[in-house]
1. For residues that are surrounded by 15 or more Cβ atoms within 10 Å (Cβ to Cβ), under 42 Å from the mean Cα position of the chain (by Cα) and assigned to a helix (DSSP H, G or I), tally how many sit in region 42-76.
2. Count, please, the residues in region 160-179 that happen to be in contact with a strand residue (DSSP E or B) (Cβ under 9 Å, 6 or more places away or on another chain), modelled with pLDDT of 90 or more and not in a strand (DSSP E or B).
3. Can we say residue 278 is more than 21 Å from residue 192 (Cα to Cα), in a loop (DSSP other than H, G, I, E, B) and either touching a residue at least 40 places away in the same chain (Cβ under 8 Å) or under 27 Å from the mean Cα position of the chain (by Cα) (or both)?
4. For region 256-268, enumerate the residues that are within 29 Å of the chain's Cα centre (by Cα) and either crowded, with 16+ Cβ neighbours inside 10 Å or part of a helix (DSSP H, G or I) (or both).
5. In region 19-39, which residues are in a helix (DSSP H, G or I) and under 19 Å from residue 81 (Cα atoms)?
6. Can you confirm whether region 107-115 contains a residue that is part of a loop (DSSP other than H, G, I, E, B), out of contact with any helix residue (DSSP H, G or I) (no Cβ under 7 Å at 6 or more places or on another chain), within 19 Å of residue 223 (Cβ to Cβ) and at pLDDT 85 or above?
7. Quick check, is residue 103 in a strand (DSSP E or B) and touching a helix residue (DSSP H, G or I) at 6+ places or on another chain (Cβ under 6 Å)?
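The values are calculated or read from the model by the stated rules, or taken from the named source; none is laboratory data. As the structure is a computational prediction, the values presented were derived from the model and not from experiment. Cβ placement follows ideal geometry from the backbone for every residue including glycine, while neighbour counts extend to all protein chains displayed.
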C-alpha cells in the first residue's frame, strides 16, 4: 500500500481536534470553518489510510486505536517544526544559535543553576555549552578556544584581549575539619606554615609562578573545588573555600572557620569577561545581567 504525504497543516488540525475534543472547538481555535477542519481530517486519513476518529453514534469524535498510536508522532513532528521556525526567527532577530559559557569554580552552584534555568525559558532555541574552570583556565577558554562569555575571578581579568564588567563577588574563608590542629589552639603567627594547605590549582599556564593566598610550603594542589571540599571535610589540611559552599558544613560542625593571624580570606570579585573583538548577542547580554542580579540576591538572603 502506497501512503501519501500528510501536510503539516493536516497534522496540526489532527492535534487540535484531539486536544479540544470536537471539530467545532478546533475550528473556533484555529479560526477555520468546521468544514475545513473536517476536510483536513478526511484528507489526513486518506493519506495515511487509517481512521483517526470514531464519529458514528456520537457528536464527539473519539480517537481510534490508530489515532492514539499516531498522536505522539504527529506531536513530535510539529514540535520539531516549531523549534525550527523559532530558531530561524532567532537568527533573523540576531539571537545567538549557540553559546559557550565558562563559569569560575568559585561561583556558587545554585547561582549558576538559577541563572540557567531562567535562560532556558528565555532562550529555548540557544544551544548552550557550560564549562566550569578555575583561575587562568577560565580565560583560556575565551582566548584559546571558542567560548563567548566567562564569569571569572580577579586574578585573570587583566588580559588586553578581554573586556570585563563587574557582576558581584563571593567571600572566601579559611576552614578545616573540627579535629584539625588549627582548630584546637590559639593560632600564633606563622603556625599555618606547619600544616598542609589544600590549594586550588590552575589547569592552564596563565597563572604559572603566581600564588594566591598560599601560606604554607606544605601544599596539595587540586584542580577541582569539589575535591578540595571533600578533603577538607575529611580533615586532610586546611584551605580557603567560598562561604556559601561550606555554610551547611559550618552549621553542622563538619567544618570550622579558622581565625588566622594572616587573614587569608577575602572578597573574591567576579567579572563577566569576553573577547574585545567579539560582538555580544542578546542572549549573552542577558546572561551578564542575570549573573549580576542572582549574585546580588544571594548576598542579601
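1. 8
2. 2
3. Taking the combined requirement at face value, the residue satisfies it.
4. Those that are within 29 Å of the chain's Cα centre (by Cα) and either crowded, with 16+ Cβ neighbours inside 10 Å or part of a helix (DSSP H, G or I) (or both): 265, 268.
5. Hit for region 19-39 is 19, nothing else.
6. yes
7. Criteria met by residue 103.
For (1) under 22 Å from residue 168 (Cα atoms); (2) in a helix (DSSP H, G or I), each residue gets a yes or a no:
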site: 226; (1), (2): yes, yes
site: 230; (1), (2): no, yes
site: 245; (1), (2): yes, yes
site: 254; (1), (2): no, no
